[in-house]
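Undergrad: The structure under discussion is supplied below as structure tokens; questions concerning it will follow.
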């Protein structure tokens, strides 16, 4: 079983700006979201805990209760958006093309979708080699995890555009017999607990 965790909210994720390699911290809301993951993940006994080295993922991992076990993995860095970094899709569409999408259009000075998929494929190969009995917890970023979900299932990386992830959400990858599957996707805990 692989549990994917997207980091909590940052200033740019809240304003829907492409946030790749800019190392933004969690907002107060993001820290509350990350802390709300602690009881959700408390019963999990992972064999490995992997995290993107960027602070928003590492802090989410720490607040969720797994910071002491975390192994930073550069392959889990978010997509390098080049000139799209810090900009919204709406801004880019206004400037370049009304149909522009990070998933389907080239980005100046950025990492290509194929390059991100190559990085993710290495992670997927490691996770699959560990076998269905292993439990791995992965803290990373929206687009990276969406691509990971698609590649886990043997789909093209662009299929990640159909797998939306909210901040501080969890998703579960596993197997149906020998077939890699998505068991659950985009589960968001209530940061304020039950009402």
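Undergrad: Let a ≥ b ≥ c be the square roots of the eigenvalues of the Cα gyration tensor of the chain; is it rounded (a/c under 1.5), or, if not, prolate (a/b larger than b/c) or oblate?
TA: oblate
Undergrad: With the contact rule set at Cα under 8 Å and sequence spacing of 6 or more, what percent relative contact order holds for region 59-191?
TA: For region 59-191, the relative contact order is 20 percent.
FYI, it's all coordinate maths here, none of it is from the lab. If you're wondering where the values come from, they're calculated on a predicted model, not measured in any experiment.
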